[in-house]
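Asker: Following this message is one structure expressed as structure tokens.
The values are calculated or read from the model by the stated rules, or taken from the named source; none is laboratory data. Every value quoted in this text rests on a predicted model; they were computed, and no experiment measured them. Neighbour counts run over all protein chains shown; Cβ positions are idealised from the backbone, glycine included.
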Amino acid sequence: MESQDARPSLFATGSGAPPLRLGDIQGLILRGYTFPYVRHFIFSIRDVPGASAGACKLCGDLRPGSGGPLTITTATEWPVNGRPRYCLNLGVTNTGLKKLIGDANYQTVNQGTSDDLFVPFDAGAAARAAQVGDTGPSAPQNWWQNPPGSWKLPSPPGSADLDLLISLYARSAADRDNFTVIFVDGDDRRFIYDDTFAARKDESVRGPQVDSQVG
């Protein structure tokens, strides 16, 4: 992701350390959006060679400055009274990363990092729920108990089904739905394949959607 933030960073990274390039960091990593509506698109990779090419195309389309109808929201600070109508972020699970770069490359990256970076991801969120406070109403057995009609999955997905996650945050339900149409039906979205919409051209990835509302 190319940086588009020319302003000095307000986030300190240590004495003498260079400022963070906020345009190269997804916004949700540094701050919460507090948008009341969100739609999550969950993708499961079926055809690895096709998905690898499709993922490159998708990331290029979503890159800030690409000219695409919707692009990834970076950590660049919003101007005063300049809150955007939507925010968009992309996540890749450990299973998705293995499929996209291969087991050998996955292990190479893992061994080249410190503090066993991939261990929490290989263990899975459910296995580590208690360590991050996901207990009681927030326990794993309650994660997929959304109100009727708020999601489109026929059943809770297994870990093998979760390869890519794209989250669309919006300030209103209407904006969420309108931006969904742009995202899924846009001419440059040939990579997207959503079970709730008409079929697209690339069958290497399929993805249902999950809605949630804050508050």
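Asker: Go through the residues of segment 55-67 one by one and say whether even a single one is more than 21 Å from Ile29 (Cα to Cα), loosely packed, with under 14 Cβ neighbours inside 10 Å, within 17 Å of the chain's Cα centre (by Cα) and modelled with pLDDT under 90.
Answerer: Yes, some residue in segment 55-67 is more than 21 Å from Ile29 (Cα to Cα), loosely packed, with under 14 Cβ neighbours inside 10 Å, within 17 Å of the chain's Cα centre (by Cα) and modelled with pLDDT under 90.
Asker: Continuing with this model, one more query. Would you kindly identify the helices (runs of 4 or more DSSP H) lying entirely within segment 93-143 that contain at least 2 residues that are closer than 29 Å to Cys56 by Cα and in contact with a strand residue (DSSP E or B) (Cβ under 7 Å, 6 or more places away or on another chain)? It would help to see each step written out before you state the result.
Answerer: Details: elements: 94-101, 103-111, 119-123.
So the answer is 94-101.
Asker: Another question, then. What number goes with the only condition from (1) at negative phi; (2) at pLDDT 85 or above that Gly133 does not pass?
Answerer: (1)
Asker: Scan segment 1-31 residue by residue and report those that are under 22 Å from Ile166 (Cβ atoms) and at pLDDT 50 or above.
Answerer: Within segment 1-31, Leu22, Gly23, Asp24, Ile25, Gln26, Gly27, Leu28, Ile29, Leu30, Arg31 qualify.
Asker: Okay, next question. Could you give me the residue pairs with C-beta distances under 6 Å whose first residue belongs to segment 170-192 and is buried (at least 16 other Cβ atoms within 10 Å of the Cβ) and at pLDDT below 55, whose second residue is outside any helix (DSSP H, G or I) and not β-branched (Val, Ile, Thr) wherever it lies, and which are 6+ apart or on separate chains?
Answerer: Listed by first residue and then by second, the contacts come to Asp188/Gly68; Phe191/Asp202; Ile192/Arg200.
Asker: Before we move on, is Phe118 surrounded by 15 or more Cβ atoms within 10 Å (Cβ to Cβ) and at pLDDT below 85?
Answerer: Values: surrounded by 15 or more Cβ atoms within 10 Å (Cβ to Cβ): yes; at pLDDT below 85: yes.
Against the criterion (surrounded by 15 or more Cβ atoms within 10 Å (Cβ to Cβ) and at pLDDT below 85), Phe118 qualifies.
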